[in-house]
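Here is the structure we will look at, set down as structure tokens.
The values are calculated or read from the model by the stated rules, or taken from the named source; none is laboratory data. Note that the coordinates shown come from a computational prediction; the quantities given were computed from them, not determined experimentally. A quick note on method: Cβ atoms are made from the backbone with ideal geometry, for glycine too, and the neighbour counts reach across all protein chains shown. The area values use the complete protein model at the heavy-atom level, side chains included, leaving out ligands, DNA and RNA. Shrake-Rupley method; radii C 1.70, N 1.55, O 1.52, S 1.80 Å.
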Amino acid sequence: MPRQQFRHIPGLFLDTDYFALDQCSRLVLQSLALYERLEAAVGGADGSLETAHIPQPAYVRSAEHNLKSEEHFARVALTEESQRTIRCEYFPRYGEDGHALAYFQRNANLPDFVARDLVPGVHGLVASEGFVPPDQELVWKLTMNFYQRVNGKVAGFPFHVDIPANGVVTMIINVQREVLFQIAKGDAVTDIPLPVGALLLLSGESRYVWKHRVLPADAPASGGAGAIERVSLVLGFQ
Ligand SMILES: O=C(O)CCC(=O)C(=O)O
Ligand SMILES: [Fe+2]
């Protein structure tokens, strides 16, 4: 991994070109197809959404006055190849307008394309980097983030710490659009631009103590309201 480290941010690693552009395009198409299936499954049925409490450390909550701890989700079952049923929690609006999130827990619930095209390489990476022994079986968690155009911008993700259930190590795979990622502890904020194809790995202090966010990005001139303008895939393991 031709990785970058950040001397003052323990546990953070960046590979700016983990995936080639054609691999990213494929992952975007596969993610968008899945998004259509999630939306079709919930069918605008706000009434049937359940409530989840998303724990955040007190220092994140007090700094982000508008941060809600309650989010609404639907349990969605999807049929993959070979009639395999996978289940996820789908949050049609996670925190802010224009952000939808699907959360897949455990290997048996990973979408086919993620299990086939993403996890083996990422498993190899974390093993070769010494985060896990080579033969250790890992339990994977996947968050798919879908960001829409809102008021001329591509929606972002406000400051947060990834919830413990996401895994001991979390990795953001940026597949569609360059964005500005920021990571902060106290008042010290570090800007990290993520190009398409980047993999950013958060472990240790950077994962559990520092908070991070993705800023809204400039939206392209063309493009309809409601279109997904950015997808990110976040993998974690336990
Ligand atoms: O969309 C991104 O790049 C960041 C996503 C993120 O921080 C998360 O899913 O926890
Ligand atoms: Fe995050």
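Values computed for the structure shown
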quantity: Count of the stretch 212-227 residues which are surrounded by fewer than 22 Cβ atoms within 10 Å (Cβ to Cβ) and assigned to a strand (DSSP E or B); calculated: 3
quantity: Options Ile86, Ile9, Ile54: the member that is hydrophobic (A, V, I, L, M, F, W, C) and open to solvent by 20 Å² or more (accessible area, probe 1.4 Å); calculated: Ile54
quantity: Residue check, Val139 within 22 Å of Ala33 (Cβ to Cβ) and modelled with pLDDT of 95 or more; calculated: no
quantity: Glu205 being away from ligand 2 (no atom under 14 Å from the Cβ), closer than 15 Å to Gly11 by Cβ, open to solvent by 40 Å² or more (accessible area, probe 1.4 Å) and over 14 Å from the mean Cα position of the chain (by Cα); calculated: yes
quantity: Flag for Arg93 being over 19 Å from the mean Cα position of the chain (by Cα) and either under 30 Å from Lys185 (Cα atoms) or assigned to a loop (DSSP other than H, G, I, E, B) (or both); calculated: no
quantity: Of the criteria (1) modelled with pLDDT of 95 or more; (2) surrounded by fewer than 19 Cβ atoms within 10 Å (Cβ to Cβ), which one Gly44 fails; calculated: (1)
quantity: Test: residue in the stretch 170-182 that is surrounded by fewer than 16 Cβ atoms within 10 Å (Cβ to Cβ), within 12 Å of ligand 1 (Cβ to nearest atom) and of a type in the set (Asp, Glu); calculated: yes
quantity: Breaking point among (1) under 14 Å from the mean Cα position of the chain (by Cα); (2) more than 14 Å from ligand 2 (Cβ to nearest atom); (3) of a type in the set (Asp, Glu), for Asp162; calculated: (2)
quantity: Residue match in the stretch 115-134 (condition: of a type in the set (Lys, Arg), within 16 Å of ligand 2 (Cβ to nearest atom) and either farther than 19 Å from Ile163 by Cα or open to solvent by less than 70 Å² (accessible area, probe 1.4 Å) (or both)); calculated: no
quantity: Residues of the stretch 183-195 satisfying the condition of being away from ligand 1 (no atom under 11 Å from the Cβ) and open to solvent by less than 40 Å² (accessible area, probe 1.4 Å); calculated: Ala184, Thr190, Pro195
